[in-house]
1. Which pairs have Cβ atoms under 9 Å, sit 6 or more apart or on different chains, and link a residue in the stretch 9-35 that is within 10 Å of Asp50 (Cα to Cα) and among the aromatic types (Phe, Trp, Tyr) to one that is within 11 Å of the ligand (Cβ to nearest atom) and assigned to a strand (DSSP E or B)?
2. Quick one: which residue in Val364, Val388 is away from the ligand (no atom under 16 Å from the Cβ), within 26 Å of Ala244 (Cβ to Cβ) and buried (at least 16 other Cβ atoms within 10 Å of the Cβ)?
3. Filter the helices (runs of 4 or more DSSP H) completely within the stretch 115-186 down to those with at least 3 residues that are modelled with pLDDT of 95 or more, closer than 16 Å to Phe36 by Cα and away from the ligand (no atom under 14 Å from the Cβ).
4. Looking at Thr213, Thr232 in this structure, which one is among the β-branched types (Val, Ile, Thr) and either within 16 Å of the ligand (Cβ to nearest atom) or in contact (Cβ under 8 Å) with a residue 60 or more places away in the chain (or both)?
5. Quick one: count up the residues across the stretch 404-461 that are within 16 Å of the ligand (Cβ to nearest atom), in a helix (DSSP H, G or I) and more than 23 Å from Val169 (Cα to Cα).
6. Given the residues Leu424, Leu377, Leu460, which is the only one that is surrounded by fewer than 21 Cβ atoms within 10 Å (Cβ to Cβ) and out of contact with any strand residue (DSSP E or B) (no Cβ under 8 Å at 6 or more places or on another chain)?
Amino acid sequence: MRSFPTDFVWGAATASYQIEGAWNEDGKGPSIWDAFTKIPGKIAEGQHADVGCDHYHRIEEDVALMARMGLKAYRFSIAWSRIYPTGRGEVNPAGIAFYSRLIDELLKHDITPWVTLYHWDLPLALQLELDGWLNPELPEHFAEYARTCFAAFGDRVKHWITLNEPWVVSILGFGNGMMAPGRISQDEPYLVGHQLLRAHAKAVAIYRQEFQTSQAGQIGITNNCDWREPKTDSPEDQAAAQRALEFFLGWFADPVYRGDYPAVMREWLGDRLPQFTEEERKLLVGSSDFFGLNHYTTMYAADKRAGEIVKLSPTGNGGISEDQDVELTADPAWQTSSMGWAMVPWGCRRLLQWIDERYDHPPVVITENGCALDDELVDGQVHDEMRVEFLNSYLGACHDAIESGVDLRGYFVWSLMDNFEWALGFTKRFGIHYVDYETGERYPKDSAIALVKIVAQNGLE
Ligand code: GAL
């Protein structure tokens, strides 16, 4: 039996837009996702999450699912437009009341809330009135919203995540337009990323100055990254893999741990990459109490110099590939999920080791890891052997990383239940609980049961 540290955090994660539904109830304002999903052609099968998993009306039932599994922690996000319907101005008391009730329900079951302040559902008004994250004023509005949340929930919430995956917001929201607000641009991603980092730093500064001493919580940011393995041993391919990682994770983690964007990004992008002021650098350095990581897959990286047009792999999460001169490929022998993402557990271990080295041994929390499969409900049961295998192999990789000295503190599976997978709608099932979208019923999958065992015994066989 390979055991994990006894205080290892075992959890499941979700996000507001993906599960809540109740998109316009109790004073909630619309978000960019409420609008984006209504544009014909943007979402698979024309779906939207007006009802989602109806979690808004089922919090007791959903917390009971977690309690039954023995989960110690639950990561969810707050919909900014439930708290501030237009992103700023008057607070909506019903929004505060909803999350308060959820937090109390979790605590009643000894489940620790991990709260993400921003998981992509920007209040629509801020997009229409201010151009959303392109506007340098946005960080102020985010910081004010964050302050309201710290004040309302910080007596009970001790784990805060400012932003979920600024890379996705920048590249998929403003680069290839796959996600809300659906803009397509070569340069906007870097401007948006800059404002997201400023917003994160401001919110953390407020937490530290006004709340952390009395509330004694932790605050951090969650970044996503795949592993990039050099395709060959050539120095060019090794440099390409390193460059790809710096363009992916270094873009958002370097400012937080080292005070500026990676040198390779400055070199490749020149003036397209904004500058931080001295004051912003100071606010950024050390602005995360833990390293939040969402990790899903691995690809090979090879050097591909200018002149050759490199297509963005549809599944590869490559970023703006022309900016990096990197070609990404997958090994056809790798098993893939229904997202087309390869299952490569050793990539997870290598990424954890890369983070450990580059950022000087930070405490790391995997805030998302999981896979989508075409699960089927048969007589009230789902046999998802492949997900069980996925979880075992990735948790094995986490264990290997810990043994090699990585300070990994926790693991949140994505996701507690099947939910609205953004541009792919309900066509992808990531949950460890099956959701019947017709009736709203939840059913545990075999993977949930496997995880129960790991959590209960705190170790892998
Ligand atoms: C992450 C995201 C989640 C979920 C997951 C699976 O990028 O934070 O909301 O959708 O990917 O695709």
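1. Tyr17/Ser77
2. Val364 is the lone residue from the list that is away from the ligand (no atom under 16 Å from the Cβ), within 26 Å of Ala244 (Cβ to Cβ) and buried (at least 16 other Cβ atoms within 10 Å of the Cβ).
3. In the stretch 115-186, 124-130 are the helices (runs of 4 or more DSSP H) which contain 3 or more residues that are modelled with pLDDT of 95 or more, closer than 16 Å to Phe36 by Cα and away from the ligand (no atom under 14 Å from the Cβ).
4. Thr232
5. Adding up the residues that qualify gives 1.
6. Answer to the selection: Leu424.
This table checks each residue for (1) crowded, with 24+ Cβ neighbours inside 10 Å; (2) hydrophobic (A, V, I, L, M, F, W, C).
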residue: Ile59; (1), (2): no, yes
residue: Val63; (1), (2): no, yes
residue: Ala73; (1), (2): no, yes
residue: His109; (1), (2): no, no
residue: Pro113; (1), (2): no, no
residue: His119; (1), (2): yes, no
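Conditions tested, residue by residue: (1) within 25 Å of His141 (Cβ to Cβ); (2) at pLDDT below 95; (3) not in a loop (DSSP other than H, G, I, E, B).
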| position | (1), (2), (3) |
| --- | --- |
| Gly29 | yes, no, no |
| Val63 | no, no, yes |
| Ala67 | no, no, yes |
| Tyr99 | yes, no, yes |
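The values are calculated or read from the model by the stated rules, or taken from the named source; none is laboratory data. Every value quoted in this text rests on a predicted model; they were computed, and no experiment measured them. Positions of Cβ are generated from backbone atoms using ideal geometry, with glycine treated the same way; all protein chains shown enter the neighbour counts.
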